[in-house]
Every structure is written in structure tokens, then in C-alpha cells.
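I have placed the structure first, in the form of C-alpha cells, so that the comments after it can refer back to it.
The values are calculated or read from the model by the stated rules, or taken from the named source; none is laboratory data. Computed from a prediction, not measured in an experiment: that's the story for all the values here. Methodologically, a virtual Cβ is constructed for each residue, glycine included, from the backbone with ideal geometry; neighbour enumeration extends over all protein chains shown.
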Amino acid sequence: MAKSVFCITRTEAEAEGIIGDLSRSGFSQDDVSVLYPDTTGKRHLGHQVASKAPEGAAAGGSSGGIVGGTLGWLAGVGALSIPGLGPFIAAGPIMAALAGAAVGGAVGGLGGALIGAGIPEYEAKRYEGKICSGNVLIAVHTEDARQRATVKSIFERYHAEDIGTSGEARAA
């Protein structure tokens, strides 16, 4: 059964290391999602919006941080603004769920969007607070127990916090 494995990292360096190890371990860019606040100007992190044909998504590029590093490997990197919470950088499958929240001003804000992306409600609320305070959320789609063990091992190697697993919602 397909499940997602989630974690929170405190630093961009941890997130960058995890994403690099996931890539080297054979995970597809379409299996990895990343979300963090766009703190341009507050830290040495920036982005520029550029066309990423044919997807039409915004691609990140920077002089530093995970936007300019390994995040460029991920699919659908873009900046979005969630009403009441401000700007975020998102990549991977979570981008679609969050884009809906950003465009529609979804009730529940970021927490509601995370729940819609398959994160259990109690974890989504905890993750929302941590993401808004500058941490990075990483989610990885897995197909089996072996992949889940690999992802958890990578997360633990980088001292990720709040590691969790949840079943993925199926489309009707």
C-alpha cells in the first residue's frame, strides 16, 4: 500500500542533505514534496520566478539555500501565498494541494491544505506551526515497507523531527 513519510527539518542544510540522499537512493522527483516559508530578505534565501515549460510552474533559482541547490531537482518548484499566512516555496506533489489553498483562500489555511495532501489532522496542525516559524516540511511518496524504511533512515541520519507516516488518499 502506498504511504507518505513526512518530517520537519530545522535547517536548510538538513533539507538539502535529505533531498540529495533521496535522489541518490532512487526516489523520483515526483515522489518528493518540500514546503517552507519564503523568507527572502530575512535570511540568505531567495527565489526568482521563471517559466518551466511545459508545466508552466515557477522554478526556483538562487544564490544559496535549498532553492538554488537540490530543490531545483524537484518537480513544480514555485512560490505561492496562502491568505493570512504569507509567502511559501513549495515543490513536488504538495504544490498542487497548496496552490488550491492559495488561490481559493481555503478555510483552514496551511493546516487544511496539509490535511488535503494526506497528512493526518493532528500532525498537520503541528507541522503548520513549525513551517510558519521557519522549518522545512519534506514528504516522500513510498510504495512499500522497504522504501519507507529507506526514507526514515535518511530522515534520521539528518536528525529530522516529527517523522510520521500516513496512508495516501485515493481519488474517487
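Filtered by the rule that a residue be at pLDDT below 70 and not aliphatic (A, V, I, L, M), segment 87-131 gives GLY100, GLY104, GLY105, GLY108, GLY109. Within segment 154-172, one or more residues are assigned to a loop (DSSP other than H, G, I, E, B), modelled with pLDDT of 85 or more and not aliphatic (A, V, I, L, M). Looking at segment 1-60, which of its residues are modelled with pLDDT of 90 or more, under 17 Å from LYS130 (Cβ atoms) and among the basic types (Lys, Arg)? Correct list: ARG10 only. Only residues that are more than 20 Å from THR39 (Cβ to Cβ) and either within 13 Å of the chain's Cα centre (by Cα) or touching a residue at least 40 places away in the same chain (Cβ under 8 Å) (or both) were counted in segment 117-131, giving 6. Evaluated against (1) at pLDDT 85 or above; (2) over 14 Å from the mean Cα position of the chain (by Cα); (3) in a loop (DSSP other than H, G, I, E, B), GLY134 falls short on exactly one condition, (2).
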